[in-house]
Structure formats: structure tokens, C-alpha cells
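The values are calculated or read from the model by the stated rules, or taken from the named source; none is laboratory data. From a predicted model like this one, the values you see are computed outputs, not experimental measurements. Every residue, glycine among them, receives a Cβ derived from its backbone with ideal geometry; neighbour counts consider all protein chains shown. Quick note on the areas: whole protein, heavy atoms, side chains included, nothing else; ligands and nucleic acids left out. Shrake-Rupley method; radii C 1.70, N 1.55, O 1.52, S 1.80 Å.
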Amino acid sequence: MFWLIVFLGLAGLLAYRAVPLQTATGLVGVTVLLYGWLGESSGGFVLLLLLYLLLFVPLNVPALRQEWLSRPLLERLLERLPPALPHNGAGPAAGLLEGDWELRLPASPPTASPDADLRTEALAAALAARLRHPCQPSGAKPAQARMAALLYGAAALDHHDPRLLDDGLDCAAERLRARQAWPLAQATCTLRGRAPDASLDWTAAASADPADLAERCAQVHGPGLALWAAAREVSPAQRLIAFDEALWQFIGHGLSQLTRALVGSLSLGLLIPAEGDEALRRQRQRAALASSRVAVLTDLRLLLQLSQRLSPGFDAAYSAAVLHLAGLHAALAWHASAPAPRLERPLLRLLSQDSHCQLERRLLAALRELPQPLLRGLLRALVLPPGSGSREASAAEGEAAALCLLREPALRARLLNRLPAHPGLLALDARVQALQALEPSLRRLQLAQMEPPPATEAARIDNAERLGLLSETEAGILREALEFACTQLNPDRS
């Protein structure tokens, strides 16, 4: 058992670090010799040595490796070679497709966002829901929590640039906005009691064929591009040499990301829940794990394309996973640049958990499109082992996110930063801030037992002022807020 663990650990380390073939050959050979010296079975050593020679000798002899392995694959690739190499350069988020989570997204220039009106209306609906009951302490509704996470993610897309290709088309951000528009409109409708006034016509153009986005991802996938470029070499001899080099880099990249996905899944699955800075660190680790999982799908897509087994269902699930990953990366980058990141953690937590759950569903959907049941089961166990999935956000976490939206004026200012100025929304924000300053008094008012019970909220405010529970100024603010709620937000109330 000890030596089995040694060999498995060595194989995992070599794959995790994408160690070059010659270095890996030497390390495995040394380990086999150590087993022959320290191991208990001479027969086992002879068997291991034979397997080692049969596997690694052909791989390290370029002529044998190219003739037996690389040439057949090159001939298959030449049969499916696209008519021209992609000419678009890689965008700032292209590295996510290769598992490079540490890349830096640049700041996005201020532009007119197609969902600006919808977001303005949604934020107004969230604030108006608070003002409908001004005499009660601020409470949270599920629709406000959902809305808070969506607004946070949309603002992050405004401030960062998750483009995959450097061709002026913001394919990731615009498609992600289109996916988020409907749930944001639903939350707005729930709070307002009617559909939002903002037009959603732009979502049709942004929700194009997912296969198009998948092809765009393939155009910036470095290991895949190296294979296509090698296959286009004019000289047959140079073509085989270049393809052989690119092929083993591609295999090394795929094994590395697959191992990182497995190790990350197992390590994070064993950790107990954490709070504060440790919870934020784990969020970043889980996001890096998501990037490795998407990188595995990116490599897998090329293999399916070469074997003519690529299905539309795989492309649809893969494209959705890429979008969730880009949105998650933008949200974490935007949170890191916040003046007071701690105040925004409830929103980031809710958005991250929702993004991870959505992304993992897309991963499973993509893996279900694989043709061989054995391959499906194996990759499912490696990429998303049992017990490593993300959990849904709890009601308490949703409430914390909604209250963060209602109680933090600095956060709302960040959400409004690139939205068009709206006097009505600013007035709503000012009223919410005024009520927030009265929260201690509102809690006392809620606990107060008055005899006889007041018939109306206005009478309750008068009694509270007479009993000293509210100051004259506080009572005046509440009377004005109550009048506003009756006449503006609830016109059917008396």
C-alpha cells in the first residue's frame, strides 16, 4: 500500500505541475529503482520495470513517438482542418479558458450599458419595498436578495472587461447580461406587482447560438491553437515535428488541469465552513477550481471536435459555464477594488454561491453529452467528485445580502456609479438613508406594548412620541415617510 501511494502521489504531482516528458521519465525511473532496492517484491519490481520500459522508451525516442502516436493523430487533424487560422487576438479574459485564474482584468471604459434602465428600475423597486412599511425595522425579502446579487454582478461587468477575443465584441459580458435580465425582471415584478417598464429587446441579439460562443472560445485556446498552427506547416517534416511538440504540450496541459480539478475538489470538500477573511480566501480557491474545471471542458471540446462527437448540447452547456466563470471573475475583481470590501461580502458570497451552483450544473450537463458511459463516469469522478459540489445559499445568507443592499449607502453609490442619474431614484435612496438612521428607534417602537393598541400607524407614532420612545424629529421623519408610503407607493391605502 505504501508504494502504491508513492506511485500515485508521484503521478499526481507530475501531472499537476505539467512536468516535461524527459523530467517525468527520470523521476519515474528513479522511483522504480528505489522500489527495486527497498520494495518487498522482486517480481513486482521486474513487472514495473517492464511496464516502465514499454511506456517511456517509445515516448522518449522522437522517431518512434512521432511515427506511432503523433502521425496518426496529425492525419486525422488534417482531415478536419478549418479553412483558415483564426485572426482575432485573445481578449483579456482568454486565460480563464486555460485555467489561469490569476489573470488581471483591465478596467472597462465607460459605455452605455444595455441593461442600465432595467437595473435602475430594479434598484428602485428594492428601495421602494423598504419604504412601503417605514415604521417597521428594515427587513429582507427573497426577491430583494436575488436582486442584490444580480445588481452586484452587473456592476462588476461594467467595471471590468471579460472579453474573450480582442475584436471589439463584448461577447462574454453582453451574453451574461442577457442571461441575467430575465431573473432581474422577475425580481422587479415580484416587488412592484407588475412587469418592469424597461425594454428587454436587446436580450434577443445577445442570446445568440451558444455554438458561436464555443467557437470563439476555441479561437483563443492556446494549446488548441498550437495544434492547428503546427498542422498548417508547409514542410511535411517540420509539420510533424511541430505537431508532436504541440501535442504533448496539449496533453500535459489537459492532465495538469484535470489533476488540479481533482485535488481542488477533494481539498475544498474536506474543509469546514469559515467566516471572514478565511471565507473570502476559500471563495477565491473555489473560483480557481472552477477555472480548472472549465479548462478541462475546453480541452475536451477539442478532442470531441477531432473525433466528430461534438454535440450541440455540449456547446450549450460549455458556453454557459464560460459565462458564469467570466462573471464570477469580474465580481471578485470588483470586490477587491472596493473601498470597504468587508461591507460587501454578503453580496459577494450570495453571488459566488449562485454562480458556482449554476456553473457546476453546466459542467454536469456537458459531461452527460459524452458518447461513452465509462468516460462520462470517469470524468465526472475526477472533475466533480461526490461531496465537492457547492451548496445553495441559505435563507440567512440571502437576508444578509438584501440587508446589505438596504443599509449600505456606499454600496448603492457604487452600484449607481455607471448608471444614468435618475432624480426619483436618488430621492428614494435619501429616504432609505433617513430611515436607516432611525433603526434603533424603530426596533424600540416595534417592541413597545401600547394600551389600547393604536388603530393606525400614525396613531402609533403619536403615542410613541408622547411616551418618549421617539423624539420630535424622529416622529416628524416617520410621519413624512408614512405619508409618502400612503400616497406614492401604496395609492390604494387610506
At 222 nm, what helix-only mean residue ellipticity would the chain give, in deg cm²/dmol to the nearest 500, using -39500 (n - 2.57) for each DSSP H run of four or more?
-22500 deg cm²/dmol
With a Cα-only, solvent-free Debye model of the stretch 201-330, what are the log10 I(q)/I(0) values at q = 0.11, 0.12, 0.13, 0.16 Å⁻¹?
-0.52, -0.60, -0.68, -0.92
Expressed as a whole percentage, what fraction of the accessible surface of the stretch 199-247 belongs to carbon and sulfur atoms when a 1.4 Å probe is rolled over the protein heavy atoms?
59
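Given a cut-off of under 8 Å on Cα pairs at least six residues apart, what relative contact order in percent is computed for the chain?
Working: 583 pairs, mean separation 107.1, N = 494.
Over the chain, the number comes to 22 percent.
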Given LEU105, ALA128, GLY153, which one lies farthest toward the positive end of the charge dipole of the stretch 93-161, if we put +1 on the Cβ of every Lys and Arg and -1 on the Cβ of every Asp and Glu?
ALA128
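In the neighborhood of SER138, defined by Cβ-to-Cβ distances under 13 Å, what is the net charge if each Lys or Arg adds +1 and each Asp or Glu adds -1? Before the final figure, lay out each step's value.
Details: positive: ARG130, ARG132, LYS141, ARG407, ARG431, ARG443; negative: GLU399, GLU408, GLU439.
For residues surrounding SER138, the net value is +3.
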Rounded to the nearest 10 Å², the accessible area of HIS133 at probe 1.4 Å
90
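Determine the share of the stretch 276-427's accessible area contributed by carbon and sulfur atoms, expressed in whole percent, with a 1.4 angstrom probe. Don't skip to the end; give the middle numbers.
On the way: 3680 of 6080 Å².
Exposed carbon and sulfur together represent 60 percent of the surface.
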Stretch ARG80-LEU33 to full length: gain in nm at 0.36 nm per residue minus the Cα-Cα span?
12.6 nm
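How much of the accessible area of the stretch 16-140, probe 1.4 Å, is carbon plus sulfur, in whole percent?
Working: 4370 of 7010 Å².
The C+S portion of the solvent-accessible surface of the stretch 16-140 is 62 percent.
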For the chain, how big is Rg over Rh, using alpha carbon atoms and the Kirkwood form of Rh?
1.11
Can you give the net charge of the other residues whose Cβ lies under 12 Å from the Cβ of GLU215, counting K and R as +1 and D and E as -1?
-1
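At R0 = 22 Å, how high is the FRET efficiency between MET450 and ARG132 if r is their beta carbon distance? Nearest 0.05 is fine.
0.50
Ranked from the most accessible area to the least, with a 1.4 Å probe and all protein chains present, what is the order of GLU174, GLU480? Intermediate results must be reported in sequence, preceding the final value.
Numbers: GLU174 55, GLU480 85 Å².
The ordering from most to least exposed comes out as GLU480, GLU174.
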Please work out how much accessible surface ARG443 shows to a 1.4 Å probe, ignoring ligands, DNA and RNA, in Å² rounded to 10.
110
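Would you tally the net charge around LEU262, using a Cβ to Cβ cut-off of less than 12 Å, leaving LEU262 out, and scoring K and R as +1, D and E as -1? All intermediate terms of the calculation are to be shown ahead of the outcome.
Details: positive: ARG260, ARG293, ARG380; negative: none.
That sum, taken over residues with Cβ under 12 Å, equals +3.
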At a Förster distance of 41 Å, what's the computed FRET efficiency of GLU40 paired with ARG368, Cβ-Cβ distance as r, to 0.05?
0.40
Could you give the accessible area per residue of the chain, probe 1.4 Å, as a whole number in Å²?
49
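Report the full-extension gain for the segment LEU50 to GLU275: residue separation times 0.36 nm, less the Cα-Cα distance, to one decimal in nm. Show your work: numbers first, answer last.
Numbers: separation 225, 0.36 × 225 = 81.00 nm, distance 5.17 nm.
Result for the pair: 75.8 nm of gain on full extension.
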At 1.4 Å probe size, with no ligands or nucleic acids counted, give the accessible surface of THR473 in Å², nearest ten.
100
Between ALA437 and ALA396, what is the FRET efficiency for a Förster distance of 22 Å, r being their Cβ-Cβ separation, to the nearest 0.05?
0.30
